[in-house]
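**Q** Here's a structure for you.
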Amino acid sequence: MVAAVTKPSQDRMRSIGFLYPMFYFKNIRELTCLFVTACILMSQSLADDQDFLEEFLKREYSLAKPYRGLGFSSSSQWDLMGTAMVTPDHVRLTPDLQSRQGAVWSRIPFFLRDWELKVHFKIHGQGKKNLNGDGLAIWLTRDRMQNGPVFGNMNQFIGLGIFVDTYPNADKTHDRTFPYISVMLGNGTLSYNHDHDGRTTELGGCTAMARNAIYDTFLLVRLSKNRLTLVVDVDGKQEWKHCADVTGVRLPPGYFFGASSATGDLSDNHDIISMKLYQLTVERTPEEEEEEEITVPRVDNMEQFRVEVEEEGMSGVQFFFTLLFSILGLGVLAVVGLMVYGRWKENRRKRFY
Ligand SMILES: [Ca+2]
């Protein structure tokens, strides 16, 4: 009896069991369909974002593939200089050879107040770590097409410089890992000190392992409401990492974008794949609208900047002198104290007699 009841049900189970893989297969197929649909929808929304961004892309200030006529054609918005040469994949500022200098400069003066510059670059070469150099720089400066000691550009420059420094000239204490990216605002009198990797004039920076990277390497500079932020993406995670943040940065209008590089005894290939300039839409209060025009770049709150630099820690030499002067100061105080005490004691003695 029991067997009679269970047998058909077992049979049914068996027949359903036979269909099971099909159900299973159908489920997988549905899931796959769902997944693909989700992917398409997601990619569409990403594409929308891209379109949204592209609308604000300012082509006249951007350098991107294909680099048609770049540096040669009269319709090109960029000039090449020195060893810089164009290939289908990149603009090579310097090859991996000693003592080369190359640059690419925009021909059109720049007037936007709120913007973002995304730089896709590649630094690679045969040299072992710290046996390569010197790095590259991104510029927004008054002067263009100049030769010089600052990554292939002039010193005492006027404007903004972002340095991707790949060789530690001053790093005797190994307190900083290279490549190191830093920001400087030149006013025509400030000098970038190559031997000290520009430490005395830097407004901020970070380590970014951007050399011989297996991933695409990017940096993004944003200037909005006088606040300059620098973020980097060098480890293939498709996310921006904080690098520098400086408020009160004022740049006069009419400057030029550029990228330059130099090699010395040590070398690397320094390539720019793209420099894309996006306009940012920013709301301003009437006071912000009426901001005074300036003629020389400056940082409003330099005091704040100095404090931040001190917080980064003292070098060995700074520490030695601070200690020395502290001891001397204490010595002088002690001598003065003793003299005052002696005088006071003498006065007291005189009063007793
Ligand atoms: Ca250096």
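The values are calculated or read from the model by the stated rules, or taken from the named source; none is laboratory data. Nothing here was measured: the structure is a model prediction, and the numbers come from that model. Note that we place each Cβ from the backbone using ideal geometry, even for glycine, and neighbour counts take in every protein chain shown.
**Q** Looking at region 120-173, which of the residues that are among the β-branched types (Val, Ile, Thr) and within 11 Å of the ligand (Cβ to nearest atom) is farthest from LEU80 (Cα to Cα)?
**A** Filtering region 120-173 for residues that are among the β-branched types (Val, Ile, Thr) and within 11 Å of the ligand (Cβ to nearest atom), the one farthest from LEU80 (Cα to Cα) comes out as THR166.
**Q** Go through region 190-204 residue by residue and tally those that are closer than 19 Å to LEU140 by Cβ and either among the acidic types (Asp, Glu) or within 14 Å of the ligand (Cβ to nearest atom) (or both).
**A** Residues flagged as closer than 19 Å to LEU140 by Cβ and either among the acidic types (Asp, Glu) or within 14 Å of the ligand (Cβ to nearest atom) (or both) within region 190-204 amount to 4.
**Q** A further question on this structure: For the list (1) touching a Gly at 6+ places or on another chain (Cβ under 7 Å); (2) within 17 Å of LYS122 (Cα to Cα); (3) within 16 Å of the ligand (Cβ to nearest atom), I need the number of the one condition that THR207 fails.
**A** So THR207 meets the others, but not (1).
**Q** For residues that are of a type in the set (S, T, N, Q), over 21 Å from ARG142 (Cβ atoms) and assigned to a loop (DSSP other than H, G, I, E, B), tally how many sit in region 70-116.
**A** Residues that pass the stated criteria total 8.
**Q** In region 70-115, what count of residues is obtained for those that are farther than 28 Å from LEU251 by Cβ and in contact (Cβ under 8 Å) with a residue 12 or more places away in the chain?
**A** Matching residues across region 70-115 total 12.
**Q** Please indicate, with yes or no, whether at least one residue in region 272-292 is polar (S, T, N, Q), closer than 19 Å to ARG144 by Cα and touching a Phe, Trp or Tyr at 6+ places or on another chain (Cβ under 6 Å).
**A** no
**Q** Report, by residue number, each residue of region 57-69 that is in a loop (DSSP other than H, G, I, E, B) and either of a type outside the set (Lys, Arg) or closer than 26 Å to ASN147 by Cβ (or both).
**A** Residues satisfying the conditions are SER62, ALA64, PRO66, TYR67, GLY69.
**Q** Here's something else I'd like to know. Identify all residues within region 174-189 that are within 13 Å of the ligand (Cβ to nearest atom) and in a loop (DSSP other than H, G, I, E, B); write none if there are none.
**A** ARG176, THR177, PHE178, PRO179
**Q** Further question: Hand me the list of strands (runs of 3 or more DSSP E) wholly inside region 190-283 holding 1 or more residues that are in contact with a Pro (Cβ under 8 Å, 6 or more places away or on another chain).
**A** 204-207, 256-262, 269-279
**Q** Could you tell me which numbered condition LEU333 fails, if it satisfies all but one of (1) farther than 30 Å from TRP105 by Cβ; (2) modelled with pLDDT of 85 or more; (3) not in a helix (DSSP H, G or I)?
**A** (3)
**Q** Six or more apart or on different chains, Cβ under 7 Å: which pairs go from a residue in region 188-215 that's under 12 Å from PHE163 (Cβ atoms) to one that's basic (Lys, Arg)? Could you list them?
**A** Sorted first by the residue in region 188-215, then by its partner, the list stays empty.
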